[in-house]
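Below you'll find the structure, written out as structure tokens, and then a few comments.
The values are calculated or read from the model by the stated rules, or taken from the named source; none is laboratory data. No experiment lies behind these values; they were computed from the predicted model shown. All Cβ positions, even for glycine, are placed from backbone atoms using ideal geometry, and neighbour counts span all protein chains on display. Please note that ligands, DNA and RNA were not included when accessible areas were found on the heavy atoms of the full protein model with its side chains. Shrake-Rupley method; radii C 1.70, N 1.55, O 1.52, S 1.80 Å.
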Amino acid sequence: MTLEQRWNEVRHRVQAATQRSGRGADAVRILAVSKTKSVDEINAAIAAGATDLGENYVQEAADKITAIGHAVQWHMIGHVQRNKAAKAVALFDVIHSIDSVALALAVAHHAAAAGKPMRVLIEVNVGAETTKTGFAPAAVEALLANLAAAPGLQVVGLMTIPPAVADPSEARPYFAALRQLRDRLQASAPPNVPLKELSMGMTDDFEVAIEEGATIVRVGRAIFGERTPRKN
Ligand SMILES: *Cc1c(COP(=O)(O)O)cnc(C)c1O
């Protein structure tokens with residue numbers, strides 16, 4: 001299959017899941033996750049229709065973003081080291097992986113200094129896995145109250161990576177938990193914290209995530225094919 005065929009197949013599956021869950025046709029955005037992939041492959045995805053690209057490493061993304069530019073939106077979805085916060089703010093349009101207070105404040109600081117308000121999502125560790133970063137669900141409310149006053153940040157939603165499971169349907173409770181957390185927080189969130197976005201679902205489980213309310217699915221392999229391990 002060509003990249004265009006894979007993109008179209010993903011798009012149709014996203015549409016079908018969106019429809020099946022009774023949501024509006026524009027309810028879900030596909031984030032094409034291009035880590036390890038070349039500028040040529042990314043350009044092929046853009047030609048097929050991709051408008052949003054996801055990258056995991058600031059340095060790897062820098063060269064691609066410089067080459068391709070901002071006719072598309074670039075989303076940072078990997079862990080951001082605090083000393084890369086300024087660079088991440090300069091390069092990306094959205095950061096999905098705010099996983100500590102220190103990082104949130106660093107991003108806010110650099111965004112304010114650069115005069116570039118950053119759209120961010122709070123990464124939530126819904127499976128309470130010790131191997132994963134992200135906030136405990138119970139910690140997010142206080143965090144949002146803290147960040148509401150940070151001038152450089154627009155907290156647009158929540159993101160999660162659920163525990164690895166054998167069958168996609170086993171991820172459903174984690175996706176539902178993120179949606180329920182969002183719904184609960186939305187009721188009390190400050191007016192400048194709309195929390196519209198739920199970034200959840202990847203190649204193996206994006207349809208389940210959509211059924212549970214995902215507004216952004218992060219799809220890599222189903223669009224770009226398998227990845228060879230990243231070279232350092
Ligand atoms: C790599 C990655 C994805 C995409 O994973 P696929 O299984 O290739 O779809 C999504 N989200 C995050 C945070 C990732 O690191």
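Could you identify the single residue in 155, 165 that is surrounded by 14 or more Cβ atoms within 10 Å (Cβ to Cβ) and in contact with a strand residue (DSSP E or B) (Cβ under 9 Å, 6 or more places away or on another chain)?
Working: 165 fails: in contact with a strand residue (DSSP E or B) (Cβ under 9 Å, 6 or more places away or on another chain).
Just a single option satisfies the conditions, and that option is 155.
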Would you mind stating whether residue 44 is in a helix (DSSP H, G or I) and closer than 30 Å to residue 143 by Cα?
no
Does residue 60 satisfy the criteria of being open to solvent by less than 70 Å² (accessible area, probe 1.4 Å), within 16 Å of the ligand (Cβ to nearest atom), over 21 Å from residue 194 (Cβ atoms) and in a loop (DSSP other than H, G, I, E, B)?
no
The number of residues in the range 103-127 that are closer than 30 Å to residue 173 by Cα, modelled with pLDDT of 95 or more and open to solvent by 10 Å² or more (accessible area, probe 1.4 Å) is 4
Residue 95 - would you say it is in contact with a helix residue (DSSP H, G or I) (Cβ under 7 Å, 6 or more places away or on another chain), at pLDDT 95 or above and either within 16 Å of the ligand (Cβ to nearest atom) or within 15 Å of residue 224 (Cβ to Cβ) (or both)?
yes
Tally the residues that are in contact with a Ser or Thr (Cβ under 7 Å, 6 or more places away or on another chain) and not aliphatic (A, V, I, L, M), restricting the search to the range 142-164.
1
Does residue 134 qualify as being of a type outside the set (Lys, Arg), over 24 Å from residue 19 (Cβ atoms) and either within 15 Å of the ligand (Cβ to nearest atom) or open to solvent by less than 20 Å² (accessible area, probe 1.4 Å) (or both)?
yes
Selection from the range 200-226 of residues that are within 8 Å of the ligand (Cβ to nearest atom) and either hydroxyl-bearing (Ser, Thr, Tyr) or within 16 Å of residue 177 (Cβ to Cβ) (or both)
203
